[in-house]
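A.B. asks: Input: one structure, supplied below.
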Amino acid sequence: MKHFRKALVAILIVAFGAGMVPAAASAQDADVAVRIVARRLEDGRTEFGLQQRAADGDWGERLLPSRRFFPAAAAAGRWLVCSPITPAIADTDGGSFSLGDGPRSADTLIAASFERTCAVRLDGGVACWGRDRLVDQLSVAALDDVVSVSIGDSSAGMFHACVLHEDRTVSCWGPGDLGRLGQGDDVGHVLPVVVPGLTDVTAVAAGSAHTCVAHDDGGVSCWGYNADGQLGDGTTDGNPSPERVRGVSDVVALTAGNVSTCGVHSDGSVACWGWGFGTRPRKISGLSGVTSVAVGWTYNCAVTGGGAVYCWPFLTTVQPLRIAGIDDAVEVSVGDRSVCVLHRDGGVSCFGENNAAGQLGDGTTQGRLTPRRVAGVSEAVDITVTVPSLEGEAHACALLESGSAVCWGRNGFGQLGDGTSATRLTPTRVHRQPAVRGPEDSADRTGLLTSWLDAVIAELEDDAPWLRSAWDHIRDETSVTLDLFGLSGVPISCGVSGEGYACRAERMDISTVNLDHPAILEVVVHDLAHVYDLTTGLAPKKPWGAAQLYFTATYPDCPLVHDRQGVGRELLADTMRILTIPPVWLGFGYYAVLECPGVPDEVSLDAQEVVRDALAGRVPDWYTRNITSGAELWAALRLDPELHALANLAGEFGGLCTTDWITYPIDRRRIPPAGATPFRDGGC
């Protein structure tokens, strides 16, 4: 679909009829003609839409936005949170994110938090990049019809996120502690869950551990952490379920900081509550005609309908001060002593004392108190600046009319989305993020898991080719199962026929509990390691048999794991996991709970070297140093005799003399005694 460069549209709605009402529109420097149409809905809300005129003069279907709701009490002639809009028809072949209908404080199309960024896609889905990006892909895979996204900024790297859907419901995901997901409990969810009881939401704003929404009647509801009064209920008691903020009405725009919340009223005034304001909403004096507001860490800023920007510090009674040199602002975002402003022409200006990470985008790390345009950014429709936990940790992003995005600042976890971890002092283009789309049936969790793993494997296989081998083997036998204890599993079967014997993983079961656990990526990579380890022929035989033997010989005494067997395979799978993805949740330490003597809390360098060599098809040095005869090999194999290891090493030292004692499972009563050796170099 062709997109036009700019079409600045102004409109004055005087009255609304029962049907679609055409409104006058003017376009400057545009390739196509558009008009805004509006209709009054039965419940008193007003719906706006955008139409394009075809070459024959006919007006086509509504293009953008698909739905936008405003309070019925909106004053005639005043656009509130939408004045003016910059509509655009995005090129769906080249964009990655949703454009919506231009800069609007009620529709946050891009949001950044500590080491993470999320944006709404062109198709109504959501893309996230930065810290835990692979798990984020699972979180957002089932989302659609999204019009706004908000992320709770947290210095601990733990975050929750919420989205507003076209049907005016809200979904949230992430840690559930402190009730931040609005579910009435403290349970976390990787997969988004709908917040109960919300069906009329017009805006959503997530703080560090709390969330607030605006309703179409102008009211506000909040839930979550409340130690600083950020829920606005007059107390400091938390609440895990949405509850109306008393005394708040006609709110048309909403924003949340780490521990505070602010709303814009239909008369252009601003009320805030939480840290720096108190436990009840209070009006901010000296502000009028405001269309949007942003809460930062040390001060807040607001934009007026005339394009002016006013800022004021926390914990003071100082009147808001106008920022000189800005008279065409439509939105503002505030971090920790750093501010970025979106202009009507799509440009971005930034200023502030804090520029330690280059979040002002001017090519330096020096603070600057006067706004300066960010070079190379034009046709932006939304902006975001993070509140960093430490000096030098912030970043900023802008969403563009084309549907793409640019970011700058700190990038240690890939939060700039450019495929690197290098800090950028000027804007860098966000790479197209993989879109994981689950099945149409939202209840099909197996289909969702499979779609997600298809994308994960495709992203990781260049650095870990073994993942592709394991996934191709087990993909069609993977399922999500109901297991209240969170136990996943990879059952194996082995065949013994004459002198031939081999093992294979039959299926991979992921429990519903693990599917919605923050460690889901670690769980599935660990289980795929089992698939690779236990399926004869996926790995090169001798190198992999040597690796299997290393763990058997090094950690032989663990009586409570797998009924006296299998500790080696668990430790081997964990080592593969740690070499493939950064260790976050699981490690060797949990075996201590199962009374495994000698098992360290961390993966040893020796273990990593052995597995790294074996994955590369090299026989580990440990094996060549310690296994020099059939007798030494047999002594190590007898510590924990398993058929999958024997299948890889049976050809060593001239091969086995006999195989009639080999069964599945191996019967210890039939195997050769400790003093004997079944290998030919010992003399058959």
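A.B. asks: When a footprinting reagent is the concern and you count Cβ atoms within 10 Å, what order do MET576, MET508 take, fewest first?
C.D. replies: MET508, MET576
A.B. asks: Please report, in cubic angstrom per residue, the volume enclosed by the convex hull of the alpha-carbon atoms of region 227-292.
C.D. replies: Once divided by residue count, the hull of region 227-292 is 81 Å³.
A.B. asks: Which log10 I(q)/I(0) values, to two decimals, does region 110-429 give at q = 0.10, 0.12, 0.13 Å⁻¹ under the Debye formula with one point per Cα?
C.D. replies: Once normalised to I(0) and log-transformed, intensities are -0.49, -0.72, -0.86.
A.B. asks: In nm, to one decimal, how far is the modelled label at HIS431 from the one at SER241, with both set 7 Å along Cα→Cβ?
C.D. replies: So the label points at HIS431 and SER241 sit 4.5 nm apart.
A.B. asks: Still on this structure, I have one more. I need the shape label for region 215-374. Rule: rounded when a/c is under 1.5, else prolate if a/b > b/c, else oblate, with a, b, c from the alpha carbon gyration tensor.
C.D. replies: prolate
A.B. asks: I want the local charge near GLY229. Using Cβ-Cβ distances under 11 Å, sum +1 for each Lys or Arg and -1 for each Asp or Glu among the other residues.
C.D. replies: -1
A.B. asks: For region 273-364, what relative contact order do you get, as a whole percent, if you take Cα pairs closer than 8 Å and at least 6 residues apart?
C.D. replies: Reported as a whole number, the value is 20 percent.
A.B. asks: Then there's this: I need the calculated FRET efficiency for the pair ARG507 and ALA422, taking r as the beta carbon distance and R₀ as 41 Å, to the nearest 0.05.
C.D. replies: Using R0 = 41 Å, I get an efficiency of 0.45.
A.B. asks: Whole Å is fine, so just give me how far the alpha carbon centre of region 620-684 lies from that of region 422-472.
C.D. replies: 41 Å
A.B. asks: Could you tell me which chymotrypsin sites (Phe, Trp or Tyr not before Pro) in region 378-459 are loop residues by DSSP with no more than 15 other beta carbons within 10 angstrom of their beta carbon?
C.D. replies: none
A.B. asks: Moving on to the next point. For LEU482 and ASP606, what is the calculated FRET efficiency with R₀ set at 41 Å and r taken between the beta-carbons, to the nearest 0.05?
C.D. replies: 0.55
A.B. asks: Ranking request for peptides 364-376, 223-235: highest mean number of other beta-carbon atoms within 10 Å first, then the rest in descending order.
C.D. replies: In decreasing order of mean packing, 364-376, 223-235 become 223-235, 364-376.
A.B. asks: Would you mind counting up the charge near ALA458? Only other residues with Cβ under 13 Å from its Cβ, with Lys and Arg at +1 and Asp and Glu at -1.
C.D. replies: -4
A.B. asks: Suppose R0 equals 56 Å; then what is the FRET efficiency for ARG368 and ALA635 from their Cβ-Cβ distance, rounded to the nearest 0.05?
C.D. replies: 0.20
A.B. asks: Shape call for region 311-368 from the C-alpha gyration tensor, a ≥ b ≥ c root eigenvalues: rounded (a/c under 1.5), prolate (a/b greater than b/c) or oblate?
C.D. replies: Judged from the Cα gyration tensor, region 311-368 comes out oblate (a/c at least 1.5, b/c at or above a/b).
Rule-based calculations on the coordinates, nothing more; no lab input. Keep in mind that what you see is a predicted model, and the values were worked out from it rather than measured. Quick reminder, even Gly has a Cβ in these numbers, built from the backbone with ideal geometry, and neighbours come from all protein chains shown.
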